[in-house]
1. Per residue of B:31-41, what is the mean number of Cβ atoms on other protein chains within 10 angstrom of that residue's Cβ?
2. With each run of n ≥ 4 DSSP H residues scored as -39500 (n - 2.57), what mean residue ellipticity at 222 nm is computed for chain A after dividing by its residue count and rounding to the nearest 500 deg cm²/dmol?
3. What average count of beta carbons from other chains do you get within 10 Å of the Cβ of residues in A:285-295?
4. DSSP H helices in chain A with Cα extent of 24 Å or more along the helix axis and mean Kyte-Doolittle hydropathy at least -0.5?
5. Using a 10 Å cut-off around each Cβ, can you sort A:SER337, A:SER242 from fewest to most neighbouring Cβ atoms?
6. Just counting partner chain Cβ atoms within 10 Å, what average do the residues of peptide A:141-153 show around their Cβ?
7. Using the number of other C-beta atoms within 10 angstrom as an exposure proxy, rank B:SER62, B:SER31, B:SER6 with the fewest first.
8. Using 0.36 nm per residue, how much length does the chain from B:TYR311 to B:VAL166 gain when fully extended, once their Cα-Cα distance is taken away?
Amino acid sequence: MAKTKSEPLFHIAKRADMTLKKAILIRVVAIVAALILCAIITMITTGLNPLSVYGSMANGAFGTVRKSWITAQDTSILLLIALALTPAFKMKFWNIGGEGQVLVGALATSAVMLKLAPYLPHPALVAVMLVAAILAGGIWGVLPAICKAKWNTNETLFTLMMNYIATQLTAFYIIVWEYPKGAGKVGIINADTELGWLPRIGNFIGGKYVLTIFIAVLTTVAMFAYLYYSKQGYEICVVGESENTARYVGINVGKVIIRTMFISGAICGLTGFILVAGVHQTITTSLVGGQGFTAVMVSWLAKFNPLIMIFASLLIVFLKKGAGEVASSCGLNESFSEILTGIIIFFIIGCEFFIRYKIVFNKKSAKGGNGNV
Amino acid sequence: MFNIVSFIPKAVVQGIPLLYGSTGEIVTQKSGNLNLGIPGVMYVGAISGVIGAFNFEQAVKSYEAANAAEIAAAAASNSPDAFLTYGVPFLSVLIPMLSCLLGSLLMGLLYCFLTVTLKANQNVTGLAMTTFGVGFGNFFGASLIKLSGADVPSIALTNTSKYFSVKLPFAESAGWFGKIFLSYGPLAYLSIIIAIVAALVIKKTRVGLHLRAVGESPATADSAGINVTMYKYGATCIGCMIAGLGGLYYVMDYATGVWSNDAFGDRGWLAIALVIFTIWKPDMSIFASILFGGLYILYLFLPMNIDHMEYQQLYKMIPYVVTLIVLVITSIRNKRENQPPASLGLPYFREER
């Protein structure tokens with residue numbers, strides 16, 4: 001017996017030969033498979049036929065002109081948060097504190113909007129709001145970065161805790177500012193004067209939403225350029241791949257970590273500013289609504305590429321709106337969308353395996369092997 | 001003034017779900033898996049238990065309706081129906097428990113399949129599991145009645161729940177001692193037993209040693225002949241099942257069988273915070289959970305000024321701030337025995353050593 005009995009049937013090897021076309025194909029297959037599974041589950045729970053499920057989902061997201069604009073706006077918000085997290089992720093700094101960073105940005109915006117409105121003209125007020133939001137988000141991002149750079153504190157857990165500190169801080173100020181007294185909420189800020197509100201652009205249905213979308217597009221392009229065509233973007237990449245290499249070539253790793261997390265937090269703060277000044281004109285503890293976590297998945301799904309992130313966030317928002325519509329039309333709970341989102345993400349996470357690895361069969365007959373199931 | 005005898009039991013019942021969650025997460029993290037899906041797993045555990053209990057209660061109801069005449073006759077002749085007297089109490093505990101364990105086990109398997117077998121990113125998988133789990137819980141919590149077509153106004157599993165909240169016999173008569181130590185349901189004591197067992201297994205046994213080796217350095221463990229995949233699967237699935245019981249305790253005992261959406265709140269994240277706070281020790285977690293449970297409801301017991309309700313919100317911040325401080329201090333002191341498992345969050349691929 002030359003061969004031992006415990007020789008495994010196959011083993012897994014890393015692959016380097018994956019072409020872009022094939023990689024995209026695998027992802028598309030995974031998404032389609034996930035959508036089919038989602039349709040089956042929807043069919044079982046609601047009794048609709050699968051085609052009409054996606055029909056009414058599309059109706060929920062793009063049914064009217066206004067719905068389409070709102071979908072575009074929500075996509076922009078999610079996209080902005082995902083963009084904010086991306087430089088940190090590229091550095092392998094797991095910033096899952098987007099939720100808190102957006103919220104403190106929103107909190108700072110509301111504070112300025114409420115307290116300085118009588119003293120400043122409208123443009124100056126908006127400018128101060130913006131700066132306050134960016135600083136607040138930046139500080140929330142820099143704190144874990146400093147601890148990481150100095151003492152190698154676990155950033156995943158640190159940023160996670162900062163989320164809840166931000167939530168409670170917001171809850172505190174909501175009661176301090178509540179209007180009317182005892183309502184437990186702030187209400188629309190400057191409802192009569194509209195001071196500090198982002199302006200409508202143009203006199204059509206989408207006018208209210210254009211500015212948000214514009215900022216998101218601008219940030220996407222800027223982030224793409226920053227990550228792929230700037231020296232700092234390159235430094236982020238090196239630190240992410242290997243801290244030792246970075247140190248060897250003379251990159252100040254601590255400085256890069258802190259700087260990148262300031263940018264990350266600042267863009268989150270900017271998103272908080274838009275949420276308050278441009279979208280809701282009020283502040284609640286659930287203002288961000290878990291998008292800080294969803295954005296982590298969006299950024300990762302897009303492989304940290306800002307341009308692909310547009311589609312990833314559109315997919316998630318489409319599911320949210322669509323599944324919400326399907327569920328409410330059948331008298332079911334809207335959390336249905338979260339189940340569908342979860343399933344799709346599980347499939348995409350799973351399919352990455354077939355892009356990065358291949359299964360090599362140990363028999364002579366199977367030449368090379370092929371892992372694409 | 002501050003009433004310690006009524007405060008401690010309240011802190012304990014708040015702490016028990018956290019203890020389940022943190023024990024489960026500690027066992028999981030010891031294998032090197034940072035499962036951020038624990039909040040979702042706890043929701044799934046809770047709702048699976050609820051679904052099991054709900055279907056069981058409906059079945060009992062239809063059994064009673066179908067055999068009404070015989071039950072009445074049996075009661076009259078002083079020999080009560082065997083199924084209702086002996087079967088129902090037993091199954092009322094068993095069925096929700098098993099459905100809860102099954103639900104959480106499936107979540108654990110899903111997580112392991114993605115992160116261990118398919119080597120996916122643990123943070124993303126965990127967050128996706130939380131999204132999925134919380135959505136799953138809220139969806140079935142709100143839609144169960146409509147989906148099952150049952151004729152009840154809301155999910156109130158009082159018949160099943162009463163078996164989960166039986167108190168120890170002397171709880172009423174033993175005064176303050178009874179209130180502080182004896183006034184909890186069986187799942188509360190189970191959580192403490194599980195935490196102690198987990199601590200002993202991790203610290204004192206060979207299995208625990210292997211588990212820690214896998215978490216610290218899977219490559220070393222692998223070359224020592226330890227089956228890394230098996231340990232990761234085992235620890236994560238057992239961890240998820242323990243955490244799922246926390247959800248079951250919450251809904252069946254604490255909430256007396258009444259499901260309401262999002263009521264479980266952020267306790268799952270607090271359980272993850274506890275893991276750091278206790279520096280990966282389940283036995284410490286018994287006290288820390290009760291402490292966190294106490295901090296969670298402290299604001300109810302502090303002298304309250306009706307004009308300054310806002311300070312309640314700051315009290316609620318305390319557990320998170322304290323955890324942060326512990327996290328930073330342990331990283332500054334950099335003591336070897338107080339560190340997270342060295343390979344925490346990293347997938348293990350044998351050919352990448």
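Computed from the coordinates by the stated procedures, all read-outs in this text should not be read as laboratory data. Given the structure is predicted, the values throughout are model-derived calculations rather than measurements. As a convention, Cβ positions derive from the backbone with ideal geometry for all residues, glycine included, and neighbour counts pool all protein chains shown.
1. Working: counts 0, 0, 0, 4, 0, 7, 1, 0, 0, 2, 0.
The shielding value for this peptide is 1.
2. Estimated from H runs of four or more residues: -23500 deg cm²/dmol.
3. Mean partner-chain Cβ count within 10 Å for A:285-295: 2.
4. Counting only whole DSSP H runs, the qualifying helices are A:20-46, A:65-90, A:98-115, A:122-151, A:155-177, A:207-229, A:253-273, A:306-329, A:336-356.
5. Listing A:SER337, A:SER242 from fewest to most nearby Cβ atoms yields A:SER242, A:SER337.
6. The mean count of partner-chain Cβ atoms within 10 Å per residue comes to 3.
7. So the ranking, lowest neighbour count to highest, is B:SER62, B:SER6, B:SER31.
8. Working: separation 145, 0.36 × 145 = 52.20 nm, distance 3.60 nm.
Going from the current span to full extension adds 48.6 nm.
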